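Notes to accompany the following structure.
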Amino acid sequence: MLITKKINRLAIFMVIAAVILSACDASNATSTNSTGTAELDNIIDIVLRGDKDELKSVIEFNQAPCAFNEALGGPPQCLDNETAGTVVEALPILDSEGHFLRKSDFESWDGIDVSALYAVYEVSDAAYSDEIYPAGTYALVFINKDQTSSTTLQVDQGKIVRIDYGYNFPPAIREEEVVRYLVLPVDATP
């Protein structure tokens with residue numbers, strides 16, 4: 001008799017819980033990877049899937065004149081068959097030094113190897129930017145698969161305009177470069 005009462009109470013509890021849960025509206029729930037901006041969410045999805053072919057469709061290759069210089073950073077290096085000032089299509093990359101991924105070298109590039117989205121923010125005027133290394137309107141910060149470094153994609157008008165590789169973990173985001181967060185930084189403790 002006591003067992004029957006407990007089973008009946010459990011059954012009643014489960015019915016009540018099911019009714020309550022079915023009344024909940026999950027349509028306002030958002031994924032931690034959602035910014036609420038379709039063009040940013042599209043890039044995040046492409047990067048997290050590791051789809052290199054689709055990634056190319058959201059990269060804006062900058063047109064810049066090449067130069068023969070041995071300095072760090074600066075314009076794209078001219079190839080042996082090019083003259084100084086030849087305009088080349090390339091994606092600027094900032095890491096320990098600035099360099100470029102030429103559009104013609106894209107197929108041999110390893111792509112972006114990340115494990116998770118860390119944060120998304122609107123970029124302030126304090127972020128480093130110049131004509132050949134433009135900052136984006138938004139920055140998408142990812143944790144690399146090695147979980148010791150990060151990749152930040154500078155995005156403008158739905159296109160990646162620059163890649164920044166970071167060597168801090170968790171990723172270091174300078175607050176003066178942030179207007180507002182669209183996705184707050186996650187706890188990146190390994």
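The values are calculated or read from the model by the stated rules, or taken from the named source; none is laboratory data. These numbers come from a predicted model, not from an experiment. FYI the Cβ positions are ideal-geometry reconstructions off the backbone, even for glycines, and counts take in every protein chain you see.
The set of residues in region 42-62 that are modelled with pLDDT of 95 or more and in a strand (DSSP E or B) contains only I59.
Right, G98: surrounded by fewer than 18 Cβ atoms within 10 Å (Cβ to Cβ), modelled with pLDDT under 90, among the small types (G, A, S) and farther than 21 Å from I46 by Cβ or not? If you could, list the steps in order and put the result at the bottom.
Details: surrounded by fewer than 18 Cβ atoms within 10 Å (Cβ to Cβ): no; modelled with pLDDT under 90: yes; among the small types (G, A, S): yes; farther than 21 Å from I46 by Cβ: yes.
Considered against the rule, which asks whether it is surrounded by fewer than 18 Cβ atoms within 10 Å (Cβ to Cβ), modelled with pLDDT under 90, among the small types (G, A, S) and farther than 21 Å from I46 by Cβ, G98 comes out as no.
Taking the criterion of being free of Cβ contacts under 8 Å to residues at least 60 places away in the same chain, under 29 Å from L184 (Cα atoms) and either touching a Lys or Arg at 6+ places or on another chain (Cβ under 6 Å) or hydrophobic (A, V, I, L, M, F, W, C) (or both), would at least one residue in region 95-110 satisfy it? No: zero hits. Taking the criterion of being part of a loop (DSSP other than H, G, I, E, B), surrounded by 13 or more Cβ atoms within 10 Å (Cβ to Cβ) and not β-branched (V, I, T), the only residue of region 80-93 that qualifies is E82. Of the strands (runs of 3 or more DSSP E) entirely within region 136-190, those holding at least 1 residues that are among the aromatic types (F, W, Y) and more than 19 Å from N42 (Cα to Cα) occupy 159-166. Put simply, of Y138, Y121 the only residue that is under 24 Å from A64 (Cα atoms), at pLDDT 95 or above and among the aromatic types (F, W, Y) is Y138.
Checking the structure you have, find out if any residue of region 152-164 is at pLDDT below 95 and surrounded by fewer than 16 Cβ atoms within 10 Å (Cβ to Cβ). No, region 152-164 has no match at all.
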